[in-house]
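The next block holds one structure in the form of structure tokens; read it before the comments.
The values are calculated or read from the model by the stated rules, or taken from the named source; none is laboratory data. All values derive from a computational prediction rather than experimental measurement. Cβ sites come from the backbone with ideal geometry, for glycine too, and all protein chains shown count toward neighbours.
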Amino acid sequence: MHKIQLDSAAYNELLNLLNNQHFTDQPGQESDMEFLSDDWWLRDTAVIEMVIQREGMWEIQLVFAHYQEPHKLIKRVISRYTSKRKAELSAWYMRRLAAKDQRGTLKVNLDDFKLCQS
Amino acid sequence: MNASIRLFNEKGMANVRLQQIANDIGISVGNLAYHFRNKEAIIDAINEEASTAISEILSAYRIFPNLIDFDNQLEKYFQFLQTYPFYFVDLLELERQFPFKKSSHKDNISKMMSQIHKRFDFNQQRGIIKPESQVGVYKRVATAIWVLISFWKPQNLVRGTLDQAKQKRNFKEIIWNQVYPYLSEKGVAEFQQLILPILEQTSSDNS
């Protein structure tokens, strides 16, 4: 393994960062992780499928956005396909499967958010 | 390797021949030379092992946010000095024989000093160490502590007055004595609560 050598100034700076961490880091609260179990809001979400090109494949992403508060949303990467048509078809079925609102009356315009694709 | 380390510690690196190492482990010189071409190769391998051990000690920085952190590191330095006393005792000789190792030695020494100095900074921010009375004092104290850590073993070997059980306490006390005058009131309280019991326990240990 190639050894990396830090010069003295860089090493001192790293030690400073470690020291400062003690004063800046706060212990986490249990409430910080509530979002994992607090998923009732997902019942009132519109599901939007997105197919984007990534690393030479077509990636399906589903966006769940609350229909009354559209900024409350989560994005989930589902899977990747080599064919765009196959990805679009699968994404359509996945959206139908994921949406609690099968009739599709809950609508959110995805373009309103200018989502970052990275 | 273990036999070589023991012989180097007992007789000094310069005074040990390949034949003595072979005799000690009960194999022929030819057999030993099959694994290590010459004495330099053995020294090189031991030096690598010692450098890895030093790196592990250096990684034990700021694991605990109090004075125990430094005491734990002192404990590791003490164990290191017991295993590889020649690392500092024969430092100059080692560097003369392996000039290309000089930079890694210097790098480790510089890291040791930086860590000790940054411990002063950290504990000053915590209110455990008094504010610096004069710019650069803590840097100089850090250097003095490094000298004590590195050359405590040679002086102990030269004097040879302490038995094994008292060595660790002596090593730690000498170093903590350098820090004590700079502790604030809060620092003295923390020292008495956390470090004194460890030092007392150390003296009653037979390890």
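The table below gives the values:
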quantity: Whichever residue in the range A:1-20 is in a helix (DSSP H, G or I) and within 8 Å of chain B (Cβ to nearest Cβ) and, among such residues, is modelled with the lowest pLDDT; calculated: A:SER8
quantity: Options B:ASP121, B:ASP107: the member that is under 18 Å from B:PHE151 (Cα atoms) and either at the interface with chain A (Cβ under 9 Å from one of its Cβ atoms) or not β-branched (Val, Ile, Thr) (or both); calculated: B:ASP107
quantity: Out of B:GLN178, B:GLN167, sole residue that is polar (S, T, N, Q), farther than 24 Å from B:SER110 by Cα, in a helix (DSSP H, G or I) and touching a helix residue (DSSP H, G or I) at 6+ places or on another chain (Cβ under 9 Å); calculated: B:GLN167
quantity: Residues of the range A:43-100 classified as surrounded by fewer than 16 Cβ atoms within 10 Å (Cβ to Cβ), in a strand (DSSP E or B) and within 13 Å of the chain's Cα centre (by Cα), total; calculated: 4
quantity: Residue check for A:THR105: at pLDDT 90 or above, among the β-branched types (Val, Ile, Thr) and exposed (fewer than 14 other Cβ atoms within 10 Å of the Cβ); calculated: no
quantity: When residues of the range A:28-42 are limited to those that are assigned to a helix (DSSP H, G or I) and of a type outside the set (Asp, Glu), the one farthest from A:SER83 (Cα to Cα); calculated: A:SER31
quantity: Some residue of the range B:152-164 being in contact with an Asp or Glu (Cβ under 9 Å, 6 or more places away or on another chain) and either in a helix (DSSP H, G or I) or without any contact (Cβ under 8 Å) to a residue 12 or more places away in the chain (or both); calculated: no
quantity: Residue match in the range B:165-185 (condition: closer than 23 Å to A:LEU14 by Cβ and surrounded by fewer than 19 Cβ atoms within 10 Å (Cβ to Cβ)); calculated: no
quantity: Residues satisfying the stated conditions in the range B:1-58, i.e. of a type in the set (Gly, Ala, Ser) and free of Cβ contacts under 8 Å to residues at least 24 places away in the same chain; calculated: B:ALA3, B:ALA22, B:GLY26, B:SER28, B:GLY30, B:ALA33, B:ALA41
quantity: So B:LEU162, is it modelled with pLDDT under 95 and touching a helix residue (DSSP H, G or I) at 6+ places or on another chain (Cβ under 8 Å); calculated: yes
quantity: Subset tally (residues that are surrounded by 15 or more Cβ atoms within 10 Å (Cβ to Cβ) and under 25 Å from the mean Cα position of the chain (by Cα)) for the range B:22-48; calculated: 6
quantity: Residues satisfying the stated conditions in the range B:124-140, i.e. more than 14 Å from chain A (Cβ to nearest Cβ) and under 22 Å from A:ASP7 (Cα atoms); calculated: B:GLY136, B:ARG140
quantity: Unmet criterion (only one of (1) within 28 Å of B:ALA45 (Cβ to Cβ); (2) surrounded by fewer than 14 Cβ atoms within 10 Å (Cβ to Cβ); (3) touching a residue at least 40 places away in the same chain (Cβ under 8 Å)) for B:SER103; calculated: (3)
quantity: Residue in the range B:68-90 that is within 30 Å of B:ILE129 (Cβ to Cβ), more than 14 Å from chain A (Cβ to nearest Cβ) and modelled with pLDDT under 80 present; calculated: yes
quantity: Which numbered condition B:VAL135 misses (of (1) surrounded by fewer than 19 Cβ atoms within 10 Å (Cβ to Cβ); (2) part of a helix (DSSP H, G or I); (3) of a type in the set (Val, Ile, Thr)); calculated: (2)
